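Undergrad: Before we start, here is the structure in question, set down as structure tokens.
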Amino acid sequence: MKPRIFITRKLTEEAVASLHEKYDVRMWDEESVAVPRAVLLKEVAEADALWSVLADSINREVFEAGTKLKIVANMAVGYNNIDLEAAKEYDVIVTNTPGVLTETTADLAFALLLATARKLISAENEIRKGNWTSWAPMRFTGMDVGGATLGIIGMGRIGEAVARRAKGFDMQVLYHNRNRKPDAEAEYGLEFRELDTLLKEADFVIILAPFTPKTAGMIGARELDLMKNTGVLINVARGGIVDEAALYDALKNGAIWAAGLDVFEKEPIPLDHPLLTLPNVTVLPHIGSASIKTRLAMMNLNAQAITDVLEGRKPKGIVQ
Ligand code: DGY
């Protein structure tokens, strides 16, 4: 019997073609609808490999059900959706997709920063609503990005890629990270700051830290209050790093000027979420890595990791 792979989203045929010959590939048949929990648990019970996406909660219950499971290949660089302790206990390898999405996610982070600073989305919407009546001196005005100070929280691969982009905009780049990065400081002229100092000095703050128990709720009312009232917060990491209730208050009360969010505490963000009532928030549906080339590269990494494990080789991108 061929080893079985279960894929939790409908992927392009191109991405899974190489697997069909040797494996029994089963795939949930919707791209934009999450696999129902009951289906996931039933499928995983028969699977040797699970190919998950960041929206799937791969918790202890999944590892308990997956008695034959050898690998979970997660289609994301983040893996906070996976219970690594349970994976270890059940002796399941977990892999992610580092490296291939760095530049694409940095592009999106910078695009969101520019869109938020210059109100691009709401300005475009005003045209479509027929509200562009004449050139207006102060209407649609935003914040300058060129020459401003950027504070990056989390200086990993994507942080460095954002810093490189910022240098092209003549920005002063501050960063905060668990440990200092002397090489990146020298190469890109970055300046380390303690978190509070970074929040006080930066015009734009971008969150690029992983979501861990330490970073959960790291940006709350106190931290938002430290930011300039002309400050802009951009989050392309994980929603849980920012306290959304505190962010709503800060945006509503003018403690900060605007926010650009690609990630949310709960995804998809519920349509009645208070943040969606504010004009100074730009929202995106978690599309940091969404370029055609990058998504296909991520899928290739996942497919290769699964093949490696099922054929007894050590895969790339092991997170535990
Ligand atoms: C990831 O892959 O973890 C990121 O959220 C990309 O958007």
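Every number here is computed from the coordinates shown, using simple stated rules; none is lab data. This one's a predicted model, so the numbers in the text were calculated from it and none came from an experiment. Positions of Cβ are generated from backbone atoms using ideal geometry, with glycine treated the same way; all protein chains shown enter the neighbour counts.
Undergrad: On a 30 Å Cα-Cα criterion, which of the cross-link pairs LYS10/LYS266; LYS119/LYS214; LYS68/LYS316 come out too long?
TA: Distance filter (> 30 Å) returns LYS119/LYS214.
Undergrad: From the helices alone, meaning DSSP H stretches of at least four residues, give me the mean residue ellipticity at 222 nm for the chain, per-run term -39500 (n - 2.57), in deg cm²/dmol to the nearest 500.
TA: -10000 deg cm²/dmol
Undergrad: Would you kindly state the longest site-free stretch of the chain, with sites defined as GluC sites (Glu not before Pro) in a DSSP loop (not H, G, I, E, B) surrounded by at most 12 other Cβ atoms within 10 Å?
TA: 32-193
Undergrad: Could you give me D for the chain, from Stokes-Einstein at 4 °C and 1.567 mPa s, where the hydrodynamic radius is the Kirkwood radius over C-alpha pairs? Units µm² s⁻¹, please.
TA: D, rounded to a whole number, is 62 µm²/s.
Undergrad: Enter the Cα centre distance for the pair the stretch 145-213 and the stretch 26-98, rounded to the nearest angstrom.
TA: 33 Å
Undergrad: If neighbour count is taken as other Cβ atoms inside 10 Å, put ILE152, ILE127 in order from fewest to most.
TA: Fewest-to-most Cβ neighbours within 10 Å comes out as ILE127, ILE152.
Undergrad: Ranked by Cβ crowding within 10 angstrom, fewest neighbours first, how are ILE292, ILE158 ordered?
TA: Ascending number of Cβ neighbours within 10 Å: ILE292, ILE158.
Undergrad: Excluding same-chain residues fewer than 8 positions from LYS200, which lysines have a Cα within less than 17 Å of its Cα?
TA: Straight-line reach from LYS200, under 17 Å: LYS228.
Undergrad: Given the options SER289, SER32, SER122, state which has the largest fluctuation in a GNM of the chain using a 10 Å cut-off (strictly under) for Cα springs.
TA: So, out of SER289, SER32, SER122, the one fluctuating most is SER32.
Undergrad: While we're looking at this one, here's another question. Using a Gaussian network model of the chain with C-alpha springs under 10 Å, which one of ALA216, ALA123, ALA202 is most mobile by mean-square fluctuation?
TA: For the chain, modelled as a Gaussian network with Cα springs under 10 Å, the answer is ALA123.
Undergrad: Using DSSP H assignments, which helices in the chain have an axial alpha-carbon span of 18 Å or above and a mean Kyte-Doolittle hydropathy of 0.0 or higher?
TA: Qualifying helices: 102-117, 292-310.
Undergrad: Neighbour counts of other C-beta atoms within 10 Å: give me THR294, THR97 arranged from fewest to most.
TA: THR294, THR97
Undergrad: Longest segment of the chain with no trypsin sites (Lys or Arg not before Pro) in a DSSP loop having at most 14 other Cβ atoms within 10 Å?
TA: So the longest stretch without any such site is 69-128.
Undergrad: Sum up the charges of everything whose Cβ sits under 15 Å from the Cβ of GLU85, counting Lys and Arg as +1 and Asp and Glu as -1, but leave GLU85 out.
TA: -3
Undergrad: Hey, another quick one. What number comes out for the charge environment of GLY99, summing +1 per Lys or Arg and -1 per Asp or Glu over other residues with Cβ under 11 Å away?
TA: With Lys, Arg at +1 and Asp, Glu at -1, the neighbours total +1.
Undergrad: Right, here's the next one. Pick from ASP272, ASP48, ASP91: which is most flexible by mean-square fluctuation in a GNM of the chain where alpha carbon atoms under 10 Å apart are linked?
TA: ASP272
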